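Let me begin by presenting the structure, written as structure tokens, before commenting on it.
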Amino acid sequence: MAGERPTDDLRVTPAVCIPAAELGWRFSRSSGPGGQNVNTTDSRVELVFDLAASQALPPHLQARALRQLEGKLLDGAIVIAASEHRSQWQNRVAAQRRLVELLQEALRPPPPPRRPTKPSRGSVERRLAAKKQRGAIKGQRRSRPQLPEE
């Protein structure tokens, strides 16, 4: 993230920087504690980033992010609300930080495919020996003679 200033461009990765012009801000009154101050200040922040229309991301990264975040998008846009702080400034910084974390996670390349392997002979033998031992323990429980009832 480029500094702690919500008016700056956002640095998501070394290669990806979102210009401040592509970020939309909405402010409203926050709920929760704060005394009389909370009734007069618009400290709740909504950060809107239109991922589908963004020019900041290369096409392949944009497609990857749209695929990863499809359940969190609202008409192709990411909306992040922050109201955990009493100050609007701190909520703006928190919203930007969350957007950067979300995009970094979405832009991360997929893990390499798993290479199928066979269990080793020793692990198979240990598993079967453990099963035999467990079966023997259960077999001992069954073979107890019944006491004659009188």
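Listed values, structure above:
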{"item": "Degrees, to the nearest 10: 59-68 long Cα axis against longest axis of the chain", "result": "60 degrees"}
{"item": "Percentage, to the nearest whole number, of Cα pairs in the chain over 18 Å apart", "result": "69 percent"}
{"item": "Value of Rg/Rh across the range 53-100 [Cα atoms, Kirkwood radius]", "result": "1.06"}
{"item": "Separation in nanometres of the label points that stand 7 Å from Cα toward Cβ, at residue 125 and residue 11", "result": "5.7 nm"}
{"item": "Average accessible area per residue (Å²) across the chain - probe 1.4 Å, nucleic acids and ligands excluded", "result": "73 Å²"}
{"item": "Ranked order, 8, 75 - accessible area, probe 1.4 Å, largest first", "result": "75, 8"}
{"item": "Cα-derived Rg over Rh, computed across the range 110-149 with Rh taken as Kirkwood radius", "result": "1.43"}
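The values are calculated or read from the model by the stated rules, or taken from the named source; none is laboratory data. This one's a predicted model, so the numbers in the text were calculated from it and none came from an experiment. Positions of Cβ are backbone-derived with ideal geometry, glycine not excepted, and every protein chain shown enters the neighbour counts. For the accessible areas, the whole protein counts, side chains as well, though only heavy atoms, and no ligand, DNA or RNA atoms are used. Shrake-Rupley method; radii C 1.70, N 1.55, O 1.52, S 1.80 Å.
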